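Visitor: My questions all concern the structure below.
Where a number appears in this text, it was derived from the coordinates with a stated rule and is not lab data. Values in this document were obtained by computation on a predicted structure and should not be read as measured data. Quick reminder, even Gly has a Cβ in these numbers, built from the backbone with ideal geometry, and neighbours come from all protein chains shown.
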């Protein structure tokens, strides 16, 4: 569907980027602005671009998605082409790309949940944070997650922004989410939710929590939800940072609302309890002093849970043949140049989370991508010429040419979603089925 056109006219070099999230778009921008004359093909396994901006940013934080305007402008630059619905590693290999392009940038992120490596983690009702976020954001590969929210108590493991997003979505009344772009299946499930109490359990103390102040302050304003915290002993109340916000929440169950969110610290999960299904979490609990856990004084405590969501980090998206390190958190690289055991792999680069691990904001990926592209451009004159033409890989008569989705076709999907959302006073109704996306893409 995405045929070769004038996108690469008069451009000396061709670069493939794998992953159409923030890092991929920022890398494309840096390449297209370069004086060397580079054409960019931006691949993604989904028919939809934008990666975690579309499938990771919480639906009640629409301002964070305004960066899509920047990505649209990049897509309109001369020399750019989007090839959606192409899975690298299945439809085409990294080695195939290296044979047809002068260079390849891997920017497909870190969308796999870090493993909760404790007994009982495989019980029903235990979910990863990335999977849960993908579910309520309408990711096609997460739409079937179907978390059971019929119980009364949820335990969320972690104190980062992903954990806070998950807790906020569970705690908010469904009518506060009804006019966001939350997936329809998630809204229906949340509207019927029986969750009354959410325990947010962190291994660290409040002074070490990795969430941002802005995200945390929202918990004082969630309709119908009372937020409490056990920040531990402070000789003097902290005056700034997240520790000060945690200390500002009441420590006990005061005037209860229809839901109660409670932050607890110094809790290291050691087992998920239950038979076929989760019934609780066993923690090694450390006392907290001056915002930090006191090690060596742990006691075991059990907390009831009808569902557990582990927001404990993410691991790199796997592509065959790449050298992963750090528990598969990222690929081995030196400032974006991918390296194997023998050294740098020529013409192969990384950007974004797969380069540095899951950290930073959306904007962090711009500087990250610019660093990688700077090294690529410096290497470009010495890189070997492709052994085959890119047109033989992606032309109209090829399998990629026939099945890939262009940016213009994505815009057809975009219009269909916006039209669908208008019927429900939503900014869009996300299409969550790939076949339906392709149907709406048109020719």
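Visitor: Using helices alone, I'd like the mean residue ellipticity at 222 nm for the chain: each DSSP H run of four-plus residues gives -39500 (n - 2.57), total over residue count, nearest 500.
Guide: Helices in the chain give a 222 nm mean residue ellipticity of -7500 deg cm²/dmol.
Visitor: Expressed as a whole number of Å, what is the distance separating the alpha-carbon centroids of region 350-416 and region 98-132?
Guide: Using only Cα atoms, the two centres lie 20 Å from each other.
Visitor: According to a simple spin-label model (label point 7 Å from Cα along Cα-to-Cβ), what is the distance in nm between residue 318 and residue 297?
Guide: Simple spin-label model gives 4.3 nm for this pair.
Visitor: Right, another one. What distance in nm lies between label points placed 7 Å from Cα along the C-beta direction at residue 344 and residue 96?
Guide: Reported label-point gap for residue 344 and residue 96 is 2.8 nm.
Visitor: In addition: Per-residue counts of other Cβ atoms within 10 Å, averaged by peptide: what ranking do you get for 116-123, 224-231, highest first?
Guide: Top of the packing list down: 224-231, 116-123.
Visitor: In addition: Could you tell me the center-to-center distance, by alpha carbons, between region 166-201 and region 18-72 in angstrom?
Guide: Using only Cα atoms, the two centres lie 28 Å from each other.
Visitor: If you don't mind, another one. Kindly state, to the nearest 0.05, the FRET efficiency for residue 443 paired with residue 392, given R0 = 30 Å and r defined as their beta-carbon distance.
Guide: 0.85
Visitor: How would you rank 36-42, 282-288, highest first, on the average number of other Cβ atoms within 10 Å across their residues?
Guide: 36-42, 282-288
Visitor: What translational diffusion coefficient, to the nearest whole µm²/s, does the chain have by Stokes-Einstein, given a Kirkwood radius computed over alpha-carbon pairs, a temperature of 4 °C and 1.567 mPa s viscosity? Each step should come with its number before you reach the end.
Guide: Details: Rh = 23.2 Å.
It diffuses with D of about 56 µm²/s by this estimate.
Visitor: May I ask you to order 384-391, 129-136, 301-308, 16-23 by the average number of other C-beta atoms within 10 Å around their residues, highest value first?
Guide: Per-residue mean Cβ counts within 10 Å order the peptides as 16-23, 129-136, 301-308, 384-391.
Visitor: A further question follows. Just to be sure I follow: if Rg is taken over the C-alpha atoms of region 256-348 and Rh is the Kirkwood radius over the same atoms, what is Rg/Rh?
Guide: On the way: Rg = 20.4 Å, Rh = 17.3 Å.
On the Cα set of region 256-348, Rg over Rh gives 1.18.
Visitor: A further question follows. Using 0.36 nm per residue of separation minus the Cα-Cα distance, give me the extension gain between residue 176 and residue 239 in nm, one decimal.
Guide: On the way: separation 63, 0.36 × 63 = 22.68 nm, distance 3.15 nm.
The residue 176-residue 239 span can extend by a further 19.5 nm.
Visitor: To continue, here is another question. Residues in region 86-111, backbone N under 12 Å from the label point at residue 383 (7 Å along the Cα-to-beta-carbon vector): list them, ranges by number please.
Guide: The answer is 97-106, whose backbone nitrogens lie closer than 12 Å to the label point.
Visitor: For region 115-312, place one equal point scatterer on every Cα, skip the solvent, and apply the Debye formula. What is log10 of I(q)/I(0) at q = 0.10, 0.15 Å⁻¹?
Guide: Each listed q maps to, in turn, -0.39, -0.90.
Visitor: With labels modelled as points extended 7 Å from the Cα through the Cβ direction, what inter-label distance (nm, one decimal) is found for residue 192 paired with residue 148?
Guide: 1.4 nm
Visitor: Tell me, in nm to one decimal, what length is gained between residue 218 and residue 275 on full extension, where the rule is 0.36 nm per residue of separation less the Cα-Cα distance? Please report the intermediate quantities before stating the final value.
Guide: Values: separation 57, 0.36 × 57 = 20.52 nm, distance 3.61 nm.
Here the segment from residue 218 to residue 275 would lengthen by 16.9 nm.
Visitor: Now, a different point. Given 0.36 nm per residue, what is the gain on full extension from residue 33 to residue 290 after removing their alpha carbon distance, in nm?
Guide: So the chain would gain 87.5 nm between residue 33 and residue 290.
Visitor: R0 = 30 Å: FRET efficiency of residue 141 with residue 411, Cβ-based, nearest 0.05? Spell out each step's value before the answer.
Guide: Details: r = 23 Å, r/R0 = 0.75.
Once rounded, the FRET efficiency stands at 0.85.
Visitor: Which semi-axes, in whole Å and largest first, does the equivalent ellipsoid of region 361-409 have when worked out from the alpha carbon gyration tensor as the square roots of 5 times its eigenvalues?
Guide: Semi-axes from the Cα gyration tensor: 28, 21, 6 Å.
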